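Quick notes on the structure that follows.
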Amino acid sequence: MSSSDRVVLALGGAGTVGSGIVKALLDKGFRVAVISRDGNRLEKLQNFVTPSTKDHLYTLVGDVGTEEGAEAAKTSLLKSVGKVTDVVSSLGFSWWQGGPPHTQTLKELHQVLETLLLSTFTSWKAFFPLVKDSASGTYTFITGGAGERLLMPGTGFLTLGAAGALAFCQVVREEYPDVPCKLNEVKVNMGVATAERMGTGYINHLDLGEAVASLVEKRNTSHKVFSINSPADLKTVFLEGKV
C-alpha cells in the first residue's frame with residue numbers, strides 16, 4: 001500500500017507537536033485527517049502545511065475527549081474519508097504549570113487528567129478497532145518524560161497526567177501483544193517547540209514530525225518505545241532507518 005492510499009488520523013494534530021507530524025506526513029504523500037474542538041486551530045493548521053498538500057488534509061470539528069464525542073467523530077470522519085489506516089496520537093503530550101498541588105482544585109486536576117489521559121483513552125477506544133487487525137496498520141502514541149519526574153516547580157499535575165498516559169501506553173502494549181498492527185510509542189524527554197520558540201532542551205516540532213512520519217511510513221517494528229533524549233536521537237533512531 002503506497003502512502004497516497006493510506007489515511008492517517010492525527011489525534012492532537014492541531015497542536016504544536018501534532019502540527020509538525022501532520023506536515024511531515026502530508027509531505028510524504030499521506031492523506032491526513034485531524035479532529036479538533038477548535039475550528040480556528042484547524043484553519044491555522046491548513047495555512048501551516050505545504051500549500052501543495054492541502055488537498056490531502058481533512059479537518060473535522062469534534063470532541064474525542066468523551067466516548068460519545070469520539071464515536072460521533074469517528075462516524076463523521078469515515079463518511080468523509082472512507083477509511084483510517086494509521087493513527088498517531090499526541091494527546092498525551094501537553095504542558096501545564098498551574099502551581100503546587102495545595103493551591104489547586106479537584107476540578108483543575110480533572111481537567112489535566114482529561115487532557116492528558118482520559119482523551120488518550122477515549123480516542124484510542126474509538127479508533128484502535130479501525131487499525132488493530134491490519135498488518136499494514138499502525139497506532140503510534142507520542143508521550144513525554146514529564147510523567148517520570150517533576151520538571152519544575154508548579155508542574156505537579158502535569159506529572160500526574162503524563163504518568164497516566166505513559167502507564168496507559170504500557171497497558172495497551174502488554175494487553176495486546178499479538179495484534180497485527182504496528183503499535184509503538186515515541187517518548188520525548190525534551191520540550192517541543194516551533195522554530196521561533198526554541199530554547200535549550202527543546203527540539204523543533206518539524207524535526208520530530210519527520211521522525212514520526214518515518215516510523216509510520218516504514219511499518220517495520222512494533223510494541224517498542226523509542227525514547228528521544230536529544231536532537232541527535234531523532235536522526236540516529238528514525239531518519240537513518242534504525243527502527
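Some notes on this structure:
- Unmet requirement for Ile203, which otherwise passes all of (1) in contact with a helix residue (DSSP H, G or I) (Cβ under 7 Å, 6 or more places away or on another chain); (2) open to solvent by 70 Å² or more (accessible area, probe 1.4 Å): (2)
- Residues of the range 33-90 that turn out to be part of a strand (DSSP E or B), within 21 Å of Tyr139 (Cβ to Cβ) and of a type in the set (Val, Ile, Thr), as a count: 5
Here's the yes/no breakdown for (1) over 18 Å from Ala195 (Cβ atoms); (2) open to solvent by 50 Å² or more (accessible area, probe 1.4 Å); (3) among the small types (Gly, Ala, Ser):
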position: Gly20; (1), (2), (3): no, no, yes
position: Val34; (1), (2), (3): yes, no, no
position: Leu45; (1), (2), (3): no, no, no
position: Lys54; (1), (2), (3): yes, yes, no
position: Thr66; (1), (2), (3): yes, yes, no
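- Residues within the range 1-18 that are part of a helix (DSSP H, G or I), open to solvent by less than 20 Å² (accessible area, probe 1.4 Å) and not aliphatic (A, V, I, L, M), tallied: 1
- Residue selected from the range 174-193 under the condition over 16 Å from the mean Cα position of the chain (by Cα) and surrounded by 14 or more Cβ atoms within 10 Å (Cβ to Cβ), by the criterion nearest to Ile21 (Cα to Cα): Cys181
- A count restricted to the range 144-158 and to residues that are buried (at least 21 other Cβ atoms within 10 Å of the Cβ) and in contact with a Gly (Cβ under 6 Å, 6 or more places away or on another chain) stands at 0.
- A Cβ distance below 9 Å, combined with a sequence gap of six or more or placement on separate chains, defines the contacts here; from the range 155-168, residues that are closer than 9 Å to Val112 by Cβ reach residues that are aliphatic (A, V, I, L, M) and in a loop (DSSP other than H, G, I, E, B) in the pairs Leu158/Leu150; Leu158/Leu151.
- Filtered residues of the range 107-143 (kept if open to solvent by 10 Å² or more (accessible area, probe 1.4 Å), of a type outside the set (S, T, N, Q) and not in a helix (DSSP H, G or I)): Lys132, Asp133, Ala135
The values are calculated or read from the model by the stated rules, or taken from the named source; none is laboratory data. If you're wondering where the values come from, they're calculated on a predicted model, not measured in any experiment. We place every Cβ from the backbone using ideal geometry, glycine too, and count neighbours over all the protein chains shown. Please note that ligands, DNA and RNA were not included when accessible areas were found on the heavy atoms of the full protein model with its side chains. Shrake-Rupley method; radii C 1.70, N 1.55, O 1.52, S 1.80 Å.
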